[in-house]
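First up is the structure itself, then whatever we jot down about it.
Derivation of every value follows stated rules applied to the coordinates shown; laboratory data play no part. Note that the structure is a prediction, hence the values are computed from the model and not measured. Cβ: placed from backbone, ideal geometry, glycine included. Neighbour counts: every protein chain shown.
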Amino acid sequence: MSASIRMPLFVRIVVCTTLLVSGASADMIIDEFAIAQSLAVSSTSPTDSSTVMDSGTGTIIGGQRQVNLEYLSGPGIANVEIHATGSNDMAFSIQSNTDALATLIWDAGSSLGGLDLTEGGMLLGLGVMINSDDLEADLNFQIRDTANNVATAQLALPGDLFSPQEMFLSFSAFSGVDMTSVDAISLTIDAMFPAVDLEIDYIKATTPEPAGLALLAFGGLSVIRRKR
């Protein structure tokens, strides 16, 4: 009769983490900002809006992106420039002593059709690559599911970011929304100061990097130890 082998707790956590990483599906692109758009607002022209189609490139989820730009206050101009001069990014810039809101909407015109953002549970949240951000700003993501449940979760950017850094926002932050049946995704950028220069390279549904998962494994082990 063969004896059963019981792996130590630490080994079991590492094995599970390795399986999760190796079995993870590819990221789901929400927007790679490869389709150009240009908007501007000021006190004399306080709103601007435009919509672009993907045309089959696969760089915009649902094949359509709407951008709304709203002037709030101040003497200057606010701009959204996407894919300007061939650069694959979205730049949101506000002149000194001026304030504005930028909102991006991905809903394929009316509905994403119950999209599973988790890819069967393999994708765990939103990954946002920040190329640069000079001042504090809030990225407020809103997700609506096919049952019209809506939730908003925030990525707070600290400012003084001048080299690319990927930020992660867990799907668990969107309480009450079915992430496996999504109808619409939106992002509102709210600058904390009257003047900001922010560049976003891409937004995608993703999983944390393997190093982050390893840290979660060690963190889980320490929690178990504390509970003993």
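Counting Lys +1, Arg +1, Asp -1, Glu -1, what net charge surrounds M179 among other residues with beta carbon under 9 Å of its beta carbon?
Taking every other residue near M179 into account, the sum is -3.
Between T180 and D160, what's the calculated FRET efficiency when r is the beta-carbon distance and R0 is 25 Å? Round to 0.05.
0.10
Computed FRET efficiency, Cβ-Cβ of F193 and S170, R0 30 Å: what is it to the nearest 0.05? Mind showing how you got there, number by number?
Working: r = 27 Å, r/R0 = 0.90.
The computed FRET efficiency comes out at 0.65.
Show log10 I(q)/I(0) for the stretch 25-66 at q = 0.15, 0.17, 0.27 Å⁻¹, two decimals, from a solvent-free Debye sum over equal Cα scatterers.
The calculated log intensity ratios at q = 0.15, 0.17, 0.27 Å⁻¹ are -0.46, -0.54, -0.91.
What FRET efficiency would be calculated for the residue pair S110, A40, taking the C-beta separation as r and a Förster radius of 30 Å, to the nearest 0.05?
Approximately 0.65, to the nearest 0.05.
How many nm separate the modelled label positions at A151 and M53, each set 7 Å beyond the Cα in the direction of the Cβ?
3.4 nm
Rounded to whole Å and sorted largest first, what semi-axes of the equivalent ellipsoid does the C-alpha gyration tensor of the stretch 32-120 yield via the square root of 5 times each eigenvalue?
27, 14, 11
Give me the three principal axis extents of the stretch 43-185 from the C-alpha atoms, as integers in angstrom, largest value leading.
Between the extreme Cα coordinates on each principal axis of the stretch 43-185 lie 47, 30, 30 Å.
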